[in-house]
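The values are calculated or read from the model by the stated rules, or taken from the named source; none is laboratory data. The model shown is predicted, which means the values in this text are computed figures rather than measured ones. All Cβ positions, even for glycine, are placed from backbone atoms using ideal geometry, and neighbour counts span all protein chains on display. Only protein heavy atoms, including side chains, enter the accessible area calculation; ligands, DNA and RNA are left aside. Shrake-Rupley method; radii C 1.70, N 1.55, O 1.52, S 1.80 Å.
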Protein chains: 4
Amino acid sequence: MHALVFHGAGKPSWESHKKPVIDKPGDAIVRITTSTICGTDLHILKGDVPAVTDGRILGHEGVGIIEEVGPSVTNFHRGDRVLISCITSCGKCDRCRMQMYSHCRDGGWILGNLIDGTQADFVRIPHADNSLYPLPAGADEEDAVMLSDILPTGFECGVLNGCVKPGDTVAIVGVGPIGLAALMTAELYSPASIICVDLDDNRLTVAQQLGATHLVNSLDGKAVERVMELTGGEGVNVAIEAVGIPATFDICQGIIGAGGHIANIGVHGQPVVLHIQKLWDRNITLTTRLVDTAATPMLMKAVASGRLTPGTLVTHRFAMDKILEAYDTFGHAAQHNALKVVLKAEASRY
Amino acid sequence: MHALVFHGAGKPSWESHKKPVIDKPGDAIVRITTSTICGTDLHILKGDVPAVTDGRILGHEGVGIIEEVGPSVTNFHRGDRVLISCITSCGKCDRCRMQMYSHCRDGGWILGNLIDGTQADFVRIPHADNSLYPLPAGADEEDAVMLSDILPTGFECGVLNGCVKPGDTVAIVGVGPIGLAALMTAELYSPASIICVDLDDNRLTVAQQLGATHLVNSLDGKAVERVMELTGGEGVNVAIEAVGIPATFDICQGIIGAGGHIANIGVHGQPVVLHIQKLWDRNITLTTRLVDTAATPMLMKAVASGRLTPGTLVTHRFAMDKILEAYDTFGHAAQHNALKVVLKAEASRY
Amino acid sequence: MHALVFHGAGKPSWESHKKPVIDKPGDAIVRITTSTICGTDLHILKGDVPAVTDGRILGHEGVGIIEEVGPSVTNFHRGDRVLISCITSCGKCDRCRMQMYSHCRDGGWILGNLIDGTQADFVRIPHADNSLYPLPAGADEEDAVMLSDILPTGFECGVLNGCVKPGDTVAIVGVGPIGLAALMTAELYSPASIICVDLDDNRLTVAQQLGATHLVNSLDGKAVERVMELTGGEGVNVAIEAVGIPATFDICQGIIGAGGHIANIGVHGQPVVLHIQKLWDRNITLTTRLVDTAATPMLMKAVASGRLTPGTLVTHRFAMDKILEAYDTFGHAAQHNALKVVLKAEASRY
Amino acid sequence: MHALVFHGAGKPSWESHKKPVIDKPGDAIVRITTSTICGTDLHILKGDVPAVTDGRILGHEGVGIIEEVGPSVTNFHRGDRVLISCITSCGKCDRCRMQMYSHCRDGGWILGNLIDGTQADFVRIPHADNSLYPLPAGADEEDAVMLSDILPTGFECGVLNGCVKPGDTVAIVGVGPIGLAALMTAELYSPASIICVDLDDNRLTVAQQLGATHLVNSLDGKAVERVMELTGGEGVNVAIEAVGIPATFDICQGIIGAGGHIANIGVHGQPVVLHIQKLWDRNITLTTRLVDTAATPMLMKAVASGRLTPGTLVTHRFAMDKILEAYDTFGHAAQHNALKVVLKAEASRY
């Protein structure tokens, strides 16, 4: 088979690779039909994630067809079309029993990180019964592949952790793909207003099309003032941080209302200054979370019922073997007005 | 009457003062029988709270007898013995309707801060129906006065916000009076372990008497390592910050387990560094809160049933007109092994 | 002024009546501009509510203009346009402090029941600060008057108590006005399916227009079988009882899935048989509730933001002095395809 | 090996039986060291549980030593001492992922019901990784065996479902072993009062020793009046039904306060009359539940920390091969003042 293999910072390669095989009784081998690229993959390629070593196949998102299952797998059979969760979970450790699959004792985010991932013709999925989901007949694969990571991440880390409620005023700081996923899923709880903050007018326009009620371009450094004006000086009920840098974290601190929730989604590479001298008496809740994908079954129902159409985030499509072009487009997203970039296996090859 | 009047930093005075009168229909005048001193009062005396201006009577804790009520007060009558909440709440603004009394639009923490307080023979309590609680016959006044502030603060900001549950491992960082209040009320939820961290062995010994299961003296700068050892490397479920300085906040960050809660009680005067580069994927919840005293009725039931005996925190007692001595003792707490210092009105004076 | 006065079963009268006056410091007098009729009013007229005695002005829903306020009212002033809650709450008893306003020690449902109501030119509202809501400029009065009772009832008793969540399968048994209110507000939580059950095809058609995904006419006595088919034998996550008779309660018992919620809204006049021999091990939650109107501020925001347009439930409009005709229409709702019937004061009279 | 085999109503037999073997990759074979008898076992013996057929080994509670594990079991190894949960759960179906293990698609209560149980020398446990718990060194087996069923049942169905909170007034109707388990675990949440209702003074005395604050003998048919007196006419916050007959369910309906929770634990054989004509507007929550044993890890921590000592419920001990005598004692519990009856394997036999 072929796969996108990491050979050190700046050295990805689409190359021939040994096909994975069943290693443990709970494994499944999945033939990838659709995959996509995550912002985290770009970080890996830059060398920011030391755990990823030379020779690793990248990718933690995908949809495919079961090729083979290990002897203890009971939920799936050869030929089933499945969604691959970015989180692998054993289902039987203390963390899994609390639905904190992200911190599974024998799983978590390992695909395309500690074990080979989904940007390949085939992938081995450990603990398949708990880490794959059956796709209903007729499900759109572009909708589905958004449920591997980006939708549950926006929903769990942003919307659920932020306790978005009907009537709330919500701010989403950063409306790249993850922020837009938070936006789409925030609407499941019918907030009264969703204020989107970003530096890029194109992204803000997309946010508006997806339901944002107010847009704030933060280029002038006055996002906090603008949001406070929009909220009559009260601040927001929920501030969702979807970037991962001190500047956007600061905006969240500056706009949060008394009793509000700051829900961090961003992957941070450095500490932030928490203005607890201002916040200690403001009844604030601040949360962090690696996505657990515990909400994936619900999100699949929401897609099946037509409440969510996450495939609208897809702006570019490539054949799998053009993956280096896809990385280039996604890596220069602003220039290409790119949101999510989808990789399609060529059916003819099988 | 007499009262403790603030005349600028370092200048408290026990002096003759005009007796308060009913100003609005919801007011009550309470004759103080028992009061106490809060750490915040020490901060005010140092000049750290600019909102408190020359001429202000200090104090936001107290028990007393209703002297007079305004025409719209219906819950209380002259002669009723009452507990005074440190938080004044109108009961009819949006914040009060959410039980966030701390941010009442016409109240919050105003006693001994924006209006005259309880370290006096008499005090005027606005919104009396929502800001006073009837004391049952036979209630001990030393138990009761701990419910003005310290018990609800430890409970709401520490225990409730920290989501302490049966079976949890809880760390309380700082076991001064507030930390001890968190300890006493944490036990209402039967955690499996309560690890107390402090610099002062005397306080740690008191914590042990009140139910701490493990003690860590943090003088050697190794509190984090020690707590991690005690928890087998897992960290704690709940870390309660009960000091309000960067060093203790850091300990909380260092010991929190995946999925855990950091509940801040401390009053911070400066920012802290939040190590979000380590915490972003750890499913952490961090909370701040000014006490709402929404839990006061429950705490009163817990005291009445004998589940809580907060009067055990009282180490020193003074006649009200010896209040300057009381401040001196409380201000040098370590030297006197002082926890809470109670002020008693002399019954003979009335 | 004029008012609809109850003179015993079957004897309503639109007659001249003494205008109400301020009685207690917290009272407000409101000039009614829009009112409506509730199913409960029909019950009262039939003599089913013994607490309502001869001479009582009926009605507990309305929108109007503040005419006068008592001395302790601070939230409202003469000339303010307000929404009247069907629930009167003092804001200072133990029940109000838990937001269980329905069981306020000095309020609850008293309008048009224990004290004179809103089907009149003027009404006295006790505890006005907690029992009225300011209407924003430009708010539609037909939308607003639906928030006096029917929307919060459907939402709190049905949707909130039923814990409707994104992705859920919800059944609403009975889609009269209350059931439709539950339907409209259930959508705030984006369930995957809403199955509506009724005997009347016209109502089912309205339900479909308002978002029902499946319709079941229960005339053939096979509603349970039909819902079980629609759910693949699993039953529903939430069953909302919006009628108040044993037959509809039975349907709810028959269709509830393991772990599901039965949320009763219906006003029942007789006991029901609970098949606990089948339900004891099914992890079922059954709730009852008199509306607290604690959600009214949120619902007002949802209306203001355009998420809810409850005025669409209004099918008929009458001048206030034609109220007996309005009762006749509402009392024969099926014949007139009537849902909510609105009463408008004639502006020219003032 | 030997086992207690059901041969139809009234025909149990302690007889030689084939030793179980690993059947599926997730199975474990456990050598029983301690078991006990449940009230449900008595029902089975009476023929009340038609699913249990001739030849079935009874028992769903036990502690033992792992004898052998299937190839996909990773949490346990030969020689580990384990607690057997009465609920078998696969950990990978939709119900298990919601922690509703009681309704596992390939498990639930099957031990001693649909498959052979624990009143034997050896038992096969399917889905061992999710259905067994490792016992810490030094754990008392009598404490532990109470965690197979009775403690999690009292806690989850009674205390958690009843939402027992600090300060609450709780009534437990029926203080047999299950009611006493609810009592012991209710105390983890520090209610202010626990009123115990039973017909048997001996059991009430035990309840008092375990922390009941008020006792009501219901023989005179006046339990409701008595509880209402004790609560000043308010009723209780939580009523736990721990018997399973209409009379006790009626007491719960009669004593529940506004906003209260009725938590059913009892196994009911017939319908009950629900007085919804009185309860519809009382904001009541009524729950049913088959124990999920999701709380077992927490309960094990509470035992390990000394907060719970459930072994105190054990009144009688028998060697395993005297199990018919044990059944006789347990079947005439009142006569023997029996609560839980423990069965001990004779170590010498191995």
Does segment A:91-111 hold any residues that are open to solvent by less than 20 Å² (accessible area, probe 1.4 Å) and among the aromatic types (Phe, Trp, Tyr), and which are they? A:TYR101
Name, by its number, the condition in (1) open to solvent by 20 Å² or more (accessible area, probe 1.4 Å); (2) within 14 Å of the chain's Cα centre (by Cα); (3) not aromatic (Phe, Trp, Tyr) that does not hold for A:CYS86. (1)
Condition first: within 20 Å of the chain's Cα centre (by Cα), open to solvent by less than 30 Å² (accessible area, probe 1.4 Å) and away from chain A (no Cβ under 12 Å). Now tell me which residues in segment D:115-132 satisfy that. D:GLY117, D:THR118, D:GLN119, D:ALA120, D:VAL123, D:ILE125
Here are B:ALA294, B:ALA338, B:ALA302: which of them is modelled with pLDDT of 95 or more, assigned to a helix (DSSP H, G or I) and of a type outside the set (Lys, Arg)? B:ALA302
Do any residues in segment A:163-191 that are within 12 Å of chain C (Cβ to nearest Cβ) and acidic (Asp, Glu) have Cβ atoms under 6 Å from those of residues that are open to solvent by 10 Å² or more (accessible area, probe 1.4 Å) and not in a helix (DSSP H, G or I), where the two are at least six apart or on different chains, and which pairs are they? A:ASP168/A:ASN237; A:GLU187/A:GLY211
All but one of (1) open to solvent by less than 50 Å² (accessible area, probe 1.4 Å); (2) within 14 Å of chain D (Cβ to nearest Cβ) hold for A:ALA3; state the number of the condition that does not hold. (2)
Residue among A:HIS332, A:HIS336 that alone is more than 20 Å from A:THR118 (Cα to Cα), surrounded by fewer than 17 Cβ atoms within 10 Å (Cβ to Cβ) and touching a strand residue (DSSP E or B) at 6+ places or on another chain (Cβ under 8 Å): A:HIS336
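Residues are listed down the side, and each one gets a yes or a no for (1) among the charged types (D, E, K, R); (2) in a loop (DSSP other than H, G, I, E, B); (3) closer than 21 Å to C:CYS90 by Cα:
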{"residue": "B:LEU42", "(1), (2), (3)": "no, no, no"}
{"residue": "B:LEU45", "(1), (2), (3)": "no, no, no"}
{"residue": "B:ALA51", "(1), (2), (3)": "no, yes, no"}
{"residue": "B:HIS77", "(1), (2), (3)": "no, yes, yes"}
Reported set for segment C:302-323 where residues are away from chain A (no Cβ under 14 Å) and among the aliphatic types (A, V, I, L, M) is C:LEU313, C:VAL314, C:ALA319, C:MET320, C:ILE323
Determine whether segment C:181-193 contains at least one residue that is closer than 15 Å to C:ASN264 by Cα, of a type in the set (A, V, I, L, M, F, W, C) and surrounded by fewer than 23 Cβ atoms within 10 Å (Cβ to Cβ). no
Quick check on segment B:138-167: of everything there that is crowded, with 24+ Cβ neighbours inside 10 Å and among the acidic types (Asp, Glu), which residue is farthest from the chain's Cα centre (by Cα)? B:GLU156
Being open to solvent by 10 Å² or more (accessible area, probe 1.4 Å), among the hydrophobic types (A, V, I, L, M, F, W, C) and within 12 Å of chain B (Cβ to nearest Cβ) is the requirement here; does C:CYS38 meet it? no
Mind listing whichever residues of segment D:177-209 are touching a Gly at 6+ places or on another chain (Cβ under 6 Å) and under 17 Å from D:MET298 (Cβ atoms)? D:ALA181, D:ALA182, D:THR185, D:GLU187
In segment B:275-301, the residues that are more than 7 Å from every other protein chain (Cβ to nearest Cβ) and in contact (Cβ under 8 Å) with a residue 60 or more places away in the chain: B:VAL291, B:ASP292, B:THR293, B:ALA294, B:ALA295, B:THR296, B:LEU299, B:MET300
Residues to consider are D:ASP94, D:ASP41, D:ASP54; find the one that is in contact with a His (Cβ under 7 Å, 6 or more places away or on another chain), farther than 27 Å from D:ALA137 by Cα and modelled with pLDDT of 95 or more. D:ASP54
Subset of segment D:209-230 (residues that are in contact with a strand residue (DSSP E or B) (Cβ under 6 Å, 6 or more places away or on another chain) and of a type outside the set (A, V, I, L, M, F, W, C)): D:THR213, D:HIS214, D:SER218, D:ARG226
Go through (1) open to solvent by less than 20 Å² (accessible area, probe 1.4 Å); (2) under 20 Å from the mean Cα position of the chain (by Cα); (3) away from chain B (no Cβ under 14 Å) for C:ILE66 and report which single condition fails. (2)
For A:ALA326, are the conditions met, namely being outside any strand (DSSP E or B), among the hydrophobic types (A, V, I, L, M, F, W, C) and surrounded by 23 or more Cβ atoms within 10 Å (Cβ to Cβ)? yes
Can you tell which of D:GLY55, D:GLY47 is surrounded by fewer than 24 Cβ atoms within 10 Å (Cβ to Cβ) and either more than 23 Å from the chain's Cα centre (by Cα) or within 17 Å of D:LYS340 (Cα to Cα) (or both)? D:GLY55
Are any residues in segment C:44-63 touching a helix residue (DSSP H, G or I) at 6+ places or on another chain (Cβ under 9 Å), away from every other protein chain (no Cβ under 13 Å) and not charged (D, E, K, R), and if so, which ones? C:LEU45, C:VAL52, C:LEU58, C:GLY59, C:HIS60, C:GLY62, C:VAL63
Looking at (1) among the aliphatic types (A, V, I, L, M); (2) farther than 27 Å from B:ASN283 by Cβ; (3) within 14 Å of chain D (Cβ to nearest Cβ), which is the one condition that is false for B:VAL159? (2)
Specify the residue that is nearest to the other protein chains (Cβ to nearest Cβ); the eligible residues are those in segment C:82-114 that are of a type in the set (A, V, I, L, M) and in contact (Cβ under 8 Å) with a residue 40 or more places away in the chain. C:MET100
